[in-house]
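Here is the structure we will look at.
The values are calculated or read from the model by the stated rules, or taken from the named source; none is laboratory data. Model, not experiment: these values are computed from the prediction. Cβ placement follows ideal geometry from the backbone for every residue including glycine, while neighbour counts extend to all protein chains displayed. We work out accessible area using only protein heavy atoms, side chains counted, and drop any ligands, DNA or RNA first. Shrake-Rupley method; radii C 1.70, N 1.55, O 1.52, S 1.80 Å.
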Amino acid sequence: KAIYRTSTKSTLKFGKDQDGVTDKMQEELKKQLQKMNQKTFILEFDRKTSTYKEEVSLASPKSKIGGVGVFVTSLGGSGSTSIYYKDIREKRFVNQTEIQGKRFLVKDKLSEINWELFSETKNIGTYTCYKATYSKEVDKVKISIKDGETVKDKSKETIVTTAWYTPQVPVSNGPATYQGLPGLILEVNDGKKTTVCAEIILNPSQKSKIEQPKKGKVVSQKKFTKIQKQK
């Protein structure tokens, strides 16, 4: 098994002249959101299959900044109940996840990632890792309010993802949806989220059985993405 820790950059921005929201309160809120975005995930794997899920922990108490309660929610795909199963040889995945309490079983083919490999290396723990990158163009939507009307500004954005993998663990796998390199991926950065392996346990004394999740309404990835957008 491999244990990963994730951290996500806060994109929270405040407009000017916000009544009662001081610079100190803004900074404190950003720090709290940053802390809430730090999570631990466990990848259990063999040469062919894997499951990736969030480590279960006690919920932290709701934060208060300057007397204001902070409540954060997310829509699907990242909850503590999600299980992401991959079959590397058959090039398919099954993602058991929830949106607003409704469980889905997303079944589809693994995406082909056109990695570009480099000779650059760095050490992560005791493992020598090699660099790989890939680029992807995505839709970017900026929403603003002008004269009381909601305005959507659509544009294209190129995201460059950088991964570091180690041939010392010769499985073509990694955290979340990442795979397809000649070794286990120990670090991934897509510009917003960084995922780093903190520990690898090879041949553990207590072996877990890697099982495909089976609960939820079966949908394709395309259908699930449409449902997410609607919600």
Extension gain (nm, one decimal) between Val138 and Thr126, 0.36 nm per residue minus Cα-Cα: 0.8 nm
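What net charge is computed for the residues neighbouring Leu43, neighbours being all others with C-beta under 9 Å from the C-beta of Leu43, Lys and Arg scored +1, Asp and Glu -1?
Numbers: positive: Lys1, Lys53; negative: Glu44.
Residues near Leu43 contribute +1 overall.
Enumerate by residue number the GluC sites (Glu not before Pro) in segment 186-231 meeting two conditions: DSSP loop (anything except H, G, I, E, B), and at most 13 other Cβ atoms within 10 Å of the site's Cβ. Mind dumping the intermediate values first?
Details: sites: Glu187, Glu199, Glu211; in loops: Glu211.
Sparse-neighbourhood loop GluC sites (Glu not before Pro): Glu211.
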Whole-Hz couplings from phi, Karplus 6.51/-1.76/1.60, listed for segment 103-118; x for Gly and Pro: 8, 10, 10, 8, 10, 6, 7, 5, 6, 6, 9, 8, 5, 9, 9, 10
Heavy-atom SASA rank of Thr162, Thr49 (probe 1.4 Å, accessible area, largest first): Thr162, Thr49
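Which loop-located trypsin sites (Lys or Arg not before Pro) does segment 75-146 contain, where loop means any DSSP state but H, G, I, E or B and the Cβ has at most 16 other Cβ atoms within 10 Å?
On the way: sites: Lys86, Arg89, Lys91, Arg92, Lys102, Arg103, Lys107, Lys109, Lys122, Lys131, Lys136, Lys140, Lys142, Lys146; in loops: Arg89, Lys91.
In loop regions of segment 75-146 (DSSP not H, G, I, E or B), the sparsely surrounded trypsin sites (Lys or Arg not before Pro) are Arg89, Lys91.
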Rounded, prolate or oblate (a/c below 1.5 giving rounded, otherwise prolate when a/b exceeds b/c) for segment 119-231 by Cα gyration tensor: oblate
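Within segment 131-165, which chymotrypsin sites (Phe, Trp or Tyr not before Pro) sit in a loop by DSSP and count at most 13 neighbouring Cβ atoms inside 10 Å? Don't skip to the answer; put the middle values down first.
Details: sites: Tyr134, Trp164, Tyr165; in loops: none.
Qualifying residues, ordered by number: none.
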Segment 106-178 pair-distance distribution - Cα-Cα, 5 Å bins, rounded %: 3, 12, 16, 18, 12, 11, 9, 7, 6, 4, 2, 1
